[in-house]
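The values are calculated or read from the model by the stated rules, or taken from the named source; none is laboratory data. The model shown is predicted, which means the values in this text are computed figures rather than measured ones. Note that we place each Cβ from the backbone using ideal geometry, even for glycine, and neighbour counts take in every protein chain shown.
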Amino acid sequence: MDIHVLEVFCRIVESGSFSKAADAVYLTQPTVSGHIKKLEEEVGVRLLDRLGHRAAPTKAGELLYRYAKRILAARQEAQQALDEFKGGLRGELTIGASSIPGGYVLPPLIGRIKALYPDISLVLKVSYSKEIVDAVIDGTYEVGAVGAKFDVARIEYQKFAEDEMVLVVPPKHPWAAKGSVKAKELPSQPFFFRERGSGTRKILEQALERHKLPMSAFKVVAEMGNNEAIRQAVKAGGGVAIISKLAVEGNIMCRELAVVHVTGLKLTRDFYLITHRHRSLSPICKAFLSFVGTPRPS
């Protein structure tokens, strides 16, 4: 198999489009189609289903995609190792991150790393914590940053930052003047929660369960896919929420939201850098871990 054809194939799978993949690799669409046709003839099975203007991998295509990503990662690792041997650090590192580390913690750190290593390219992809863990396992991302630990033996966790989660209410809410409430009072209010699979949701559920407050006890107005949606919903007066303080600091300073202390409820959490426990790390990934967190032994 031609490694460049595998790269084209992966681009199609990731973008869902022959034309977008062609643009990404600077080839014409007929050339890309020809590459895929030859690849399918070589492996003797259909790899992509053409669905109008879209393309989706078949079961065989999904299987090949996982191996192709490993092959491309190994090529990049080899190139980075040679660059490091020659005295430089070059290449690209894709980092998967959940919403809070991806939106507030990592961006300034990435800027500083780039200043140290001007020839590297760092790509930050933001998604749910569970999706980041799955992507590190299958090799899509070499490193991730998440706000909760999942019981996955193949993942290694390294703490690199802390976060505080706070109860926020609209400024005119009765609790805003009160300043603090007991945990048992929380279910009396309409709540906005993050969706299942997010680190915020996982940590919050664990904290509430310690107070014998299951999610079923709450009046859930909506489960939302990002912190921005929750911020706007609480500002509009539709309910209250427990959310990362990093995500609402600006709103608190402008008095668009008020923080209410929850007596006895510990709402702090750690952020972790995650890597695959049994997979070797590229030089650029090691440099990233060394700068942001604690480097893993070679």
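For residue 287, the conditions (1) touching a helix residue (DSSP H, G or I) at 6+ places or on another chain (Cβ under 6 Å); (2) on the phi < 0 side of the Ramachandran plot; (3) not charged (D, E, K, R) all hold with the exception of (1).
Rundown of residues vs (1) among the aliphatic types (A, V, I, L, M); (2) surrounded by 17 or more Cβ atoms within 10 Å (Cβ to Cβ); (3) more than 13 Å from residue 54 (Cα to Cα), yes/no style:
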| position | (1), (2), (3) |
| --- | --- |
| 1 | yes, no, yes |
| 4 | no, no, yes |
| 9 | no, yes, yes |
| 12 | yes, yes, no |
| 15 | no, no, no |
| 19 | no, no, no |
| 25 | yes, no, yes |
| 38 | no, no, yes |
| 41 | no, no, yes |
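The sole residue among 220, 234 that is surrounded by fewer than 18 Cβ atoms within 10 Å (Cβ to Cβ), more than 19 Å from the chain's Cα centre (by Cα), over 30 Å from residue 92 (Cα atoms) and at pLDDT 90 or above is 220.
Among the residues of the range 55-71, some residue qualifies, meaning at least one is modelled with pLDDT of 90 or more, surrounded by fewer than 17 Cβ atoms within 10 Å (Cβ to Cβ), assigned to a strand (DSSP E or B) and within 25 Å of the chain's Cα centre (by Cα).
Yes/no per residue for (1) of a type in the set (Phe, Trp, Tyr); (2) at positive phi:
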position	(1), (2)
192	yes, no
210	no, no
221	no, no
225	no, no
237	no, yes
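Note on the range 95-121: among residues that are assigned to a strand (DSSP E or B) and either basic (Lys, Arg) or crowded, with 18+ Cβ neighbours inside 10 Å (or both), the one that is farthest from the chain's Cα centre (by Cα) is 120. Taking the criterion of being β-branched (Val, Ile, Thr), within 16 Å of residue 100 (Cβ to Cβ), surrounded by 17 or more Cβ atoms within 10 Å (Cβ to Cβ) and out of contact with any Gly (no Cβ under 9 Å at 6 or more places or on another chain), would at least one residue in the range 136-149 satisfy it? The answer is no; no qualifying residue exists. Do we have residue 215 as surrounded by 14 or more Cβ atoms within 10 Å (Cβ to Cβ), free of Cβ contacts under 8 Å to residues at least 60 places away in the same chain and within 19 Å of residue 104 (Cα to Cα) here? Answer is no for this residue.
In the range 161-183, the residues that are touching a residue at least 60 places away in the same chain (Cβ under 8 Å) reach residues that are of a type in the set (Asp, Glu) and surrounded by fewer than 20 Cβ atoms within 10 Å (Cβ to Cβ) with C-beta atoms within less than 9 angstrom, at least six apart or across chains, in these pairs: 161/270; 162/270; 163/270; 170/256; 171/256; 175/185. One residue alone among 222, 207 is aliphatic (A, V, I, L, M), outside any loop (DSSP other than H, G, I, E, B) and closer than 24 Å to residue 105 by Cα, and that residue is 207. Counting the residues of the range 227-270 that are out of contact with any Gly (no Cβ under 7 Å at 6 or more places or on another chain) and either in a strand (DSSP E or B) or polar (S, T, N, Q) (or both) gives 14.
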